[in-house]
1. Collect the residues in the range D:57-80 that are in a helix (DSSP H, G or I) and either modelled with pLDDT under 95 or over 24 Å from residue D:34 (Cβ atoms) (or both), keeping them in residue-number order.
2. Going by the conditions given, is residue A:191 within 26 Å of residue D:538 (Cα to Cα) and part of a helix (DSSP H, G or I)?
3. Let me confirm something: among D:104, D:145, which residue is among the polar types (S, T, N, Q) and closer than 17 Å to residue A:7 by Cα?
4. Considering each residue of the range C:28-62, count those that are among the charged types (D, E, K, R), assigned to a loop (DSSP other than H, G, I, E, B) and either within 26 Å of residue C:11 (Cα to Cα) or open to solvent by 70 Å² or more (accessible area, probe 1.4 Å) (or both), and give that number.
5. Conditions first: (1) within 14 Å of another protein chain (Cβ to nearest Cβ); (2) at pLDDT below 95; (3) touching a strand residue (DSSP E or B) at 6+ places or on another chain (Cβ under 9 Å). Residue C:186 passes all but one, so which condition is the exception?
6. So, in the range B:32-59, of the ones that are buried (at least 24 other Cβ atoms within 10 Å of the Cβ) and outside any loop (DSSP other than H, G, I, E, B), which residue ends up modelled with the lowest pLDDT?
7. Only one of C:242, C:229 is modelled with pLDDT under 95 and open to solvent by less than 30 Å² (accessible area, probe 1.4 Å); which?
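The values are calculated or read from the model by the stated rules, or taken from the named source; none is laboratory data. As the structure is a prediction and not an experimental result, all values here were calculated from the model. Backbone-built Cβ (ideal geometry, glycine too); neighbour counts: all protein chains shown. For accessibility, only protein heavy atoms count, side chains too; no ligands or nucleic acids. Shrake-Rupley method; radii C 1.70, N 1.55, O 1.52, S 1.80 Å.
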Amino acid sequence: MQHPTNTRTIRVLCTGQVDPTYVLKALKNGADGVLVIGCRLGECHYINGNYQAREKIDMTKIMLEKAGISSKRVEMRFISSAEGNKYIEAVKEFTDTVKSVGPSPVRSKEKCESIKRILDALIAAASEFRLRAIVAKKKKMIEEGNVYNEKIPQEEIEKVIDNAVNTEFVRKLIVSCLKEKPQSCMDIADKIEVPSALVLSHLSYLRRKNIIDVDRVKERVPYYKII
Amino acid sequence: MKKEDMKKVGAIAVIGGGVGGMQASLDLADSGFKVYLIDTKPSIGGMMSQLDKTFPTNDCAM
Amino acid sequence: MMEAGRHPNINLLAYSEVKSVKGKAGDFTVKVIKKARYVNETECTACGKCFEKCPKKVPNEFDMGHGMRKAIYLHFPQGIPAIATIDKDNCFYFSTGKCRVCEKFCEKKAIDFDQKDELITLRSGAIVVATGFDVYDPTHLTQYGYGKYKNVITALEYERLICAFGPKKGELKRPSDEKHAEVLGYIQCVGSRSLKDNRYCSSVCCMHATKEAMLAKEHDPKAKSYIFYTDFRAVGKGFQKYIKRGEEDYGIKYIRSRVAEITEDEEKNPIIWYEDTVSRSVKRKKVDLVVLATTLVPRKDAPALAKVLGIELDDCGFFNTDPFTPTDTTKKGIFVCGYCQGPLDIPESVAQASAAAERAADVILAGSLCSQER
Amino acid sequence: MNELRIGVFVCNCGTNIGGFIDVPAVAEYAKTLKGVVFAQTNLFSCSESGTTSIKEAIRENNLNRVVVAACTPLTHEPTFRAACMEEGLNQFLFEFVNIREHCSWVHMQQKELATEKAKELVRMGVARAAFLETGEMTDVDVIPSALVLGGGISGITAATALGGIGIKTILVEKEKKLGGILKDLYKLYPTGEDASKFLDKKIKSLMKFKNVEIITSTEIKTIEGYIGNYTVTVKKGEKEKEYKVGSIVLATGAVSYEPDKSKGKDFFNFDGKKIISQFQLENKLKKGAIKEKNIVMILCAGSRTPERIYCSRICCMTSIKNALLIKKANKDTEVTIVYRDLQTYGTDYEEELRKSKQAGIRFIRYNEVKPPTVDTKKKSVMVYHELLGRDIELPYDLVVLATPLVSHADVENISQKLKVPVDEHGFFLEAHVKLRPLEFATDGIFLCGCAHWPADITESISQALGAASKAAIPLLMGKVTVEPIISYVDEDKCSGCGICEENCPYGAIKKDPEKKKATVTAVICKGCGICATNCPEQAISIKHYKPEQVFAQLEAAFKEE
């Protein structure tokens, strides 16, 4: 029953409590990986918390991939309280996987700042109404349908989530850039490595939502700021 | 109240500490009765604790 | 289990035997012998030092004899109460007057060789009997070769072998050569549904065998299981679905048959000789390990306990009940539940335990004792 | 909040922890942590002397948070919580750090690393402790009466049991008379007793109880509330009446599967006259002796098939019982039972099977792949005999089909009203198949008899008594205790979107129609946290597991030294 000493355990009542922001915070604080362990599927002590958690973890993995962070750093396993050996196996396996991905970029001096900004953007995105609502509604949309009683195929919902993750993430990145100082569209595009046309469309959205505004126009180039 | 009732003892002895004995004890204890749970083995648990998994859900016996 | 151990209203008397019962429904006087553990119960923390150091090894009955324990031991690691017990019959000190190693190493000074059996007198309004069952010893059924062939084991032994906390740490190694058992034969109705041994059906073995076969596959994807059965009894909730899953997802082969004999080849592989009762032909199957679904029988001490309690046994040796008052014994105020009154599976036992609890509560709460007529 | 005064107690657990971890070093390290004013080691923190020293330390150092680093909270959290309470410290200001299962036991060979890990685990625990908040257990009053739904043998038994222990009980039956399936049966196995006599006896003993109110021809209109406080509205004809109860026993039973006569062709040519169901045979037997000379019973008719995969449990014994009764009445009658597996489990039933074979009843097994067919022209049942490898012909005057028990048509309706789940076959789904067979995940509602799964009378009676026992617990205690580890809504943030209500598996959180905000019913909430993680506004959190408490742990876990 021995395993490496590199795990730190956080107790929750049910994996249903594990918010994507928890996982992302752990990564931001310097964790190399996060392993979420719940009851076996169909054996949840709280009816269906583990199924709910799986949706959240799946979304978290998508978010990480979008942000260029390996989604292998986050994993969910389903193990019963009597399966100590499976727990050990899972911990060992996960340790190996994370080792193959390498140490957390948060702990490297060069990348630390940029990766923290990215993770902050992800945390902000995961706190956003839109993403949370879609994931919360996912099961219902697939099984029961939307307000028009149309059942949505799983692939389609996943596409919507994918798209939403992308949008929210980039918007949050833009906001975090602008928090530092007013910048132009080109500056931002360079910094976050996103095509300027896309940045521009997000900028206009954020302006419509009264989140940002034009700070000044210099040589016919607008500079944006946070309101 | 009849005379007979006065003599009733509000405790119950449960003989056998397997899954049945434990369940009966818990029900009675939860209802506010004092329960003596008696088992010949050094600890309770009975046969079920010797099983690895149980049908039909294959979850743990402990 | 933890719950029962911790409940403020439950007084746990483990390692204890009921000696006598006097009185009647509403007021019984129960005398209980609390056997000496030779360990101070309030001091022992089950830290494990003593059984690490104890020099005497004996076969562990909890593991059905596969694996060893010490003369001072814990019944099983998660057992409640978690208190070490000295097995007087095997302790060096009790047999030779020398040793006391456990005493030396116990930091809590919990070892007490002078402890005596204690007689406790309790009063209770009602009694619930839930003593369960014993496993039938199939040794005398010589056709199966149990006891003679190492690779023929009982279903409960199999449970211990495959258990992660068991003597083989969850690896399915067969007893003769520690080889991983990959081809398994499960033989049903061993000692049951037979006029010679036990006439009744144990009710749980068909499902039990299916579960064991599934476990085998989960432990080793190469495992192949063959279940030799008479009638396949799967009447409980979700049971038919479970055996379908066994067939389809786990590749378990169910063979309707009667097993005539088990022999062994030079490599100690058991060979099952059976009559296929569908085609009425004699066939044989070589396997790595045979698991016998032995009957679950009334406990050996059931007649003695029945006498102490003043209740009757039925023809099969279980505590007698009427089919329509399933938890009432032949004596007012004494109730039964679980396997000790006849074959039942876990959910049925749990349901019946609650039923017995209701009947016991009724004795104390009902307006008068005659309202017990149901 | 006053100044933080955290006390840390590191347990040696004999050598379980002390043997592998430098416990004094961990305690010394704890003293350096923010907010910690006291730290010590114990040989066994959980022992009498251990808890005494913890209590002394709380008193002498005026501690307002206690952290114990020892074993699993499963076994000893209650012990330490109790110690805190005895010193007047709220039990939720206690934090348990597991350095045995999570550290010493799993890193036995790496003592130094294990010690470092133990320090970090303690650091995380202390960080969390700083954010702990007090909580109070609350008692909810219980209305000391029960509702039994369904007046079959299960319902009658449950109501009698509850009545017997002095609980005010309401028994609701939708039909005119009590009795359920039993009303239509002839004799009961294994005793051979008349079903009607047995039923009369049962009903009579139920009627004895003045505290049991029986209402027939009545349906449930609505059920509102939660454990201890249900409001049930029943409807009898046009009249409606309201009852308040503390717990509910569901005993709505099942019905025998009756094939549609027009579709009889697909079902062994069932016509309800010469080819009848076992249930119809009971009626026929009740009316008088059977005149037919050749009787063939086909078992598993409509069960253990792809569309109804389950075994209905009672049909084998019912068939054997009826076959024996027929044979007993007239030994010249030929009775053949065509079966798949004989489910005569247990002690008595196996004996009945033996008797029936001795009585000359013929048993022929069939394979599901080639089920028997009924030829109405030849008036014979064709069975494929596996051993002979061909069909054999069984002439009949009467074919009896052992059809399964199936769920009521209105199961969905009941399930929605009570908010309890049913399985794919329409049987109610218990909280846990093995350990909680009579309960639902929802507290206060209990289950017994054929509504749960086909059961014979013995089993139904057991379950009914058991369900009564369970239902009586809150009523006898007069209260239910609720832990404060439940969800909490920040109304300022809540937008009233209702996503939490949709996803709560217990129905504990609802949008208040007036306030347009989510509100939690404490008694129902189990604290699983699904509402919190789904809340788009992050307006919901679980007490004792609040984000700031988790974040504190996460920060402490990776703090650079």
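1. As a first pass, look at the range D:57-80 and keep what is in a helix (DSSP H, G or I): D:57-61, D:73-80.
Of everything in the range D:57-80, those that are in a helix (DSSP H, G or I) and either modelled with pLDDT under 95 or over 24 Å from residue D:34 (Cβ atoms) (or both) turn out to be D:73, D:74, D:75, D:76, D:77, D:78, D:79, D:80.
2. Details: within 26 Å of residue D:538 (Cα to Cα): no; part of a helix (DSSP H, G or I): yes.
Considered against the rule, which asks whether it is within 26 Å of residue D:538 (Cα to Cα) and part of a helix (DSSP H, G or I), residue A:191 comes out as no.
3. Numbers: D:145 fails: closer than 17 Å to residue A:7 by Cα.
Answer to the selection: D:104.
4. Here is the first cut: in the range C:28-62, the ones among the charged types (D, E, K, R) are C:31, C:34-35, C:37, C:41, C:43, C:49, C:52-53, C:56-57, C:61.
Now drop any that are not assigned to a loop (DSSP other than H, G, I, E, B), which leaves C:35, C:37, C:41, C:43, C:56, C:61.
After this cut, where a residue has to be either within 26 Å of residue C:11 (Cα to Cα) or open to solvent by 70 Å² or more (accessible area, probe 1.4 Å) (or both) as well, the list is C:35, C:37, C:41, C:43, C:61.
The qualifying residues number 5.
5. Of (1) within 14 Å of another protein chain (Cβ to nearest Cβ); (2) at pLDDT below 95; (3) touching a strand residue (DSSP E or B) at 6+ places or on another chain (Cβ under 9 Å), only one is false for residue C:186: (2).
6. By that ranking, first place goes to B:44.
7. Details: C:229 fails: modelled with pLDDT under 95.
Just a single option satisfies the conditions, and that option is C:242.
So that you can scan it fast, the table gives a plain yes or no per residue for (1) closer than 30 Å to residue C:162 by Cα; (2) buried (at least 19 other Cβ atoms within 10 Å of the Cβ):
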| site | (1), (2) |
| --- | --- |
| A:85 | yes, no |
| A:94 | yes, yes |
| A:113 | no, no |
| A:130 | no, no |
| A:150 | no, no |
